[in-house]
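Enquirer: To start, I am sharing the structure in question, which I have written as structure tokens.
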Amino acid sequence: MHKKLVSVVIPMYYEEKVAEECCKRLKRVMDSCGYPYELIFVNDGSRDGTQGILEQLAGRDNRVKVIAFSRNFGHQAAVTAGIDKAGGSAIVIIDADLQDPPELIIEMLRLWEQGYEVVYAKRKRRKGESFFKRVSASLFYRVLDMLSDTRIPVDTGDFRLIDAKAADVLRNMREKDRFLRGMVSWVGFRQVPVEYEREERYAGETKYPLKKMIKLALDGIFSFSYKPLKLSQYLGFFAVISVPLIFTRDAIMAAVVFLGGVQLISIGILGEYIGRIHEESKGRPLYIIEKEINIDDEK
Ligand code: UDP
Ligand code: MG
């Protein structure tokens, strides 16, 4: 039987310490399951040895493909570029640092063959991550679940398999502040989880400092929910009805401060949405490619 092409997309930001091992493990897994495959490494503006290593790997094997960005556009943009260029009937998205065990891809492919268009990897446990990261991540997924109108599965990152059908829809979703795991949920089709234990990073440090984590969390919330606007309405309403109940001087001061706070919070929430509209209205590309290796755009 002629098997269908599987594309694996791997975003990389300063990953010189893991690049070779990552490619080796992925090849071993992909060789074992017998599908023709391509590995699409996206160098998200790393200026360390990452690009050199990727070019070597691509030179030895033309199933290894490289997309290099002109600068750091962020993890979500890197994954987007990989999906844009992937030619597979199924596309697997996986982190470079081997925290997502490549061996799970075998199970994902099995479920895909059963007819699921999206197989997402759900973290049962996280190893070797700080207490703060585990607690903040867990809290974030639950808050997002509360706020969002799209059902976005909790404890699920971008490690997943998506069928070409879902990928085609994603390719046409060019929104700027991207929260891909939410966008994939939004697309629909048949989606199924596989559980796994998140490993420790193979080498190097996390490339997701607090600032990037907060940005991703805010993108998740503001791109998938209008409830923060509702919240500012409720706050305002609450402030207005509570003020006439108070008459003493100090209480009036308190009311003024309280009202000021409510107004600032509300303006801040509005600002988040308006900033995103502004970003969208500029219509800039999601990423800029400096160099491509082994990519044929004749799909
Ligand atoms: N990454 C990226 N661009 C960035 C930050 C991260 O392409 O600006 C990649 C990184 O190389 C890795 C994946 O995104 O393959 C997840 O990053 P990391 O493992 O550092 O995040 P963590 O697992 O600590 O949340
Ligand atoms: Mg990681």
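Enquirer: To the nearest 0.05, what FRET efficiency results for Phe237 and Ser138 with a Förster distance of 25 Å applied to their C-beta separation?
Expert: With R0 = 25 Å, the Cβ-Cβ based efficiency is 0.20.
Enquirer: Moving to a separate point now. So, in Å, what gap is there between the alpha-carbon centers of the range 184-217 and the range 1-54?
Expert: Cα centres, the range 184-217 to the range 1-54: 17 Å.
Enquirer: For Lys291, which sequence-distant residues (separation of 5 or more, or a different chain) have an amide H within less than 5 Å of its own amide H, given hydrogens modelled in the peptide plane?
Expert: Ala68
Enquirer: Which percentage, to the nearest 5, of the DSSP beta bridges contained in the chain is antiparallel?
Expert: Taking every DSSP beta bridge within the chain, about 35 percent pair in antiparallel fashion.
Enquirer: Shifting gears a bit: Out of Leu264, Tyr226, Ile293, whose Cα points farthest toward the positive end of the dipole of the range 213-297 (charges: +1 Lys, Arg; -1 Asp, Glu; placed on Cβ)?
Expert: In the range 213-297, that residue is Leu264.
Enquirer: Right, something else. Please say if the range 1-139 is rounded, prolate or oblate, where rounded means a/c under 1.5 for a ≥ b ≥ c the square roots of the C-alpha gyration tensor eigenvalues, and otherwise the choice is prolate for a/b larger than b/c and oblate otherwise?
Expert: Since a/c reaches 1.5 but b/c is at least a/b, the shape of the range 1-139 is classed as oblate.
Enquirer: I've got another one for you. Explain nothing, just the number: relative contact order of the range 86-159, from Cα pairs under 8 Å at least 6 residues apart, as a whole percent.
Expert: 38 percent
Enquirer: For the chain, set up a GNM with springs between Cα atoms under 10 Å and report which of Pro153, Pro228, Pro285 has the largest fluctuation.
Expert: Pro285
Enquirer: Between Val187, Val66, Val240, where does the largest GNM mean-square fluctuation fall for the chain, given springs only between Cα atoms within less than 10 Å?
Expert: Val240
Enquirer: Given labels modelled 7 Å from the Cα in the Cβ direction, how far is it in nm from His278 to Glu113?
Expert: Using points 7 Å along Cα→Cβ, the separation is 5.2 nm.
Enquirer: Packing-wise, with mean Cβ within 10 Å as the measure, how do 15-23, 32-40 rank, highest first?
Expert: 15-23, 32-40
Enquirer: Give me the one-decimal nm value for the distance between modelled label points at Asn62 and Glu21, 7 Å along each residue's Cα-to-Cβ direction.
Expert: 3.1 nm
Enquirer: Quick one: dipole size for the chain, taken about the Cα centre, charges +1 on Lys/Arg Cβ and -1 on Asp/Glu Cβ, in debye to the nearest 20.
Expert: Dipole about the Cα centre, nearest 20: 560 debye.
Enquirer: With unit charges on the beta carbons (Lys and Arg positive, Asp and Glu negative) and the dipole taken about the Cα centre of the chain, which residue among Pro153, Met253, Gln56 sits farthest to the positive side?
Expert: Met253
Enquirer: Please find, in a Gaussian network model of the chain (springs between Cα atoms separated by less than 10 Å), the residue of Val169, Val256, Val119 whose mean-square fluctuation is greatest.
Expert: Val256
Enquirer: Return the subset of Lys133/Lys230; Lys165/Lys227; Lys27/Lys85; Lys165/Lys230 for which the Cα-Cα distance in this structure is over 27 Å, preserving the input order.
Expert: Where the Cα-Cα span goes over 27 Å, the pairs concerned are Lys133/Lys230; Lys165/Lys227; Lys165/Lys230.
Enquirer: Now for a different question. Kindly provide the helix-only [θ] at 222 nm of the chain, computed as the sum of -39,500 (n - 2.57) over DSSP H runs of four or more divided by all residues, to the nearest 500 deg cm²/dmol?
Expert: Using -39500 (n - 2.57) per qualifying helix, the result is -16000 deg cm²/dmol.
Each reported figure results from applying straightforward, stated rules to the coordinates on display, with no laboratory input. Computed from a predicted model, the values in this text were never measured in an experiment. Using ideal geometry, Cβ is built from the backbone for each residue, glycine included, and neighbour counts are taken over all protein chains shown.
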